[in-house]
Amino acid sequence: MSKSMKRWQASAFGRQNLQFVETAVPTPGHGEVLVRVEAVALNYRELLVLRDGMGMNPPLPLVPGSDMRGTIAMVGAGVSSFKAGDAVVSTFFSRWQDGVQPADSIPHGAPGPGMLSEYVVLPVDSLVIAPRSLDAVKVSTLTCSGLTAWFALNEAGRTRAGDVVVVIGTGGVALFATQIAAAQGARVVVVSGSDEKLERTKALGAAVGINRLRHPQWAGALRDLTDGRGADHVLELAGGENFGHSLAALTKGGRVSVIGNLAGDELRSSVYPLLHGAANVQGIGVGHRRALTDLVRAVDWLKIEPVVEKVYDFEDLNAALDHLERGAFGKIVVRIP
């Protein structure tokens, strides 16, 4: 194994400070492993972290990227749960194994170690064995997008066959949610501004799509589709004024999982849909390691295929980030040869 490696790092905030550098391969300590990174899935979070740290104060130089599939190259002292050659996927948070998220858990890719590097050292509790049914590129998408959708549907809530699940948008989390909920027997309704994208979601299990541009008050269209009953669960990935529509779309006692804020950092709604509908509103911040293990098992059993729009070479990270900023149907992944 070479003693040097390539990685992307920024010495200060701002994408103009992002550099492709050569540095020494790190050595794992007690309870740690050295992972040879093979693929890194990108999230919009990468753009925000590079811009201003998202209000955090991560150590510099900053190595971005939280979602990784790789192979263990070396194990440190005291490690018995993994061995060299194991294919692994990273958790999003360190130190969150199960239950309520502890206060000292930190996300990878800032302030925790970033994955856009040929090698990375991680503690064993920041990894799980990768699914066997997917290649490295597709596995890398599970860490954040896949787990967020899974956690909303199966940990913070319970999806039952026959439920009406509404998914807002067609990004990475939305497409995972569509596939997972459909596999669980739910009737999935996708809300998007693109007929072409809505048609594509049907191949992933969506029962029907609602074009929000033709139906700006889309909750009414949803009630028409459900004979007035409404949705059991809405995965809210837009925020802003759309939150009010999501509340209005719920059946009595239904649930809104607030996941994204593409329409801004505020949630806007009259209080009456919340009160009259006895609505449950929950925030979703990815999930814990045990849930990721459950997702891996489900992916292998259900044969879920993550949607990847484009794969970029390692040295082409800036082009990948540009694509991420434009938006994508599914995930953008960087492959490390």
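Quick notes on this structure:
- In region 81-121, residue modelled with the highest pLDDT [restricted to those that are polar (S, T, N, Q) and out of contact with any helix residue (DSSP H, G or I) (no Cβ under 9 Å at 6 or more places or on another chain)]: S117
- K83 passes every criterion in (1) of a type in the set (D, E, K, R); (2) in contact (Cβ under 8 Å) with a residue 12 or more places away in the chain; (3) over 21 Å from K310 (Cα atoms) apart from (2).
- When G109, G78, G85, G65 are checked against the criterion of being more than 27 Å from E236 (Cβ to Cβ), of a type outside the set (S, T, Y) and either in contact with a Gly (Cβ under 7 Å, 6 or more places away or on another chain) or in a strand (DSSP E or B) (or both), G78 stands alone in meeting it.
- Checked against (1) outside any helix (DSSP H, G or I); (2) in contact (Cβ under 8 Å) with a residue 24 or more places away in the chain; (3) within 22 Å of Q282 (Cα to Cα), C144 passes all but condition (1).
- Residues of region 104-116 that are out of contact with any Phe, Trp or Tyr (no Cβ under 7 Å at 6 or more places or on another chain) and closer than 22 Å to G85 by Cα: P113, G114, M115.
- In region 122-141, of all residues being part of a loop (DSSP other than H, G, I, E, B) and touching a helix residue (DSSP H, G or I) at 6+ places or on another chain (Cβ under 8 Å), the one that is farthest from E305 (Cα to Cα) corresponds to A130.
- Among the residues listed as D227, D232, the single one being modelled with pLDDT of 95 or more, more than 20 Å from T170 (Cα to Cα), in the same structural domain as K197 (by TED's automatic domain parsing) and among the acidic types (D, E): D227
- Selection within region 142-168 - of a type in the set (G, A, S) and either closer than 15 Å to A203 by Cα or surrounded by fewer than 24 Cβ atoms within 10 Å (Cβ to Cβ) (or both): A156, G157, A161, G162
- For region 213-222, the condition of being under 21 Å from the mean Cα position of the chain (by Cα) and closer than 21 Å to F329 by Cα holds for none of the residues.
- Residue check, G260 outside the structural domain of W96 (by TED's automatic domain parsing) and in contact with a Lys or Arg (Cβ under 8 Å, 6 or more places away or on another chain): no
- Test: F20 is assigned to a loop (DSSP other than H, G, I, E, B), surrounded by 12 or more Cβ atoms within 10 Å (Cβ to Cβ) and among the aromatic types (F, W, Y): no
- Boolean, V128 is crowded, with 20+ Cβ neighbours inside 10 Å, farther than 24 Å from H215 by Cα, outside the structural domain of A231 (by TED's automatic domain parsing) and under 19 Å from the mean Cα position of the chain (by Cα): yes
- The condition of being farther than 30 Å from G171 by Cβ and either touching a Ser or Thr at 6+ places or on another chain (Cβ under 6 Å) or assigned by TED's automatic domain parsing to the domain that holds V308 (or both) holds for only one of V49, V33, that being V33.
The values are calculated or read from the model by the stated rules, or taken from the named source; none is laboratory data. What you see is a predicted model; the values in this text were computed from it and never measured. We place every Cβ from the backbone using ideal geometry, glycine too, and count neighbours over all the protein chains shown.
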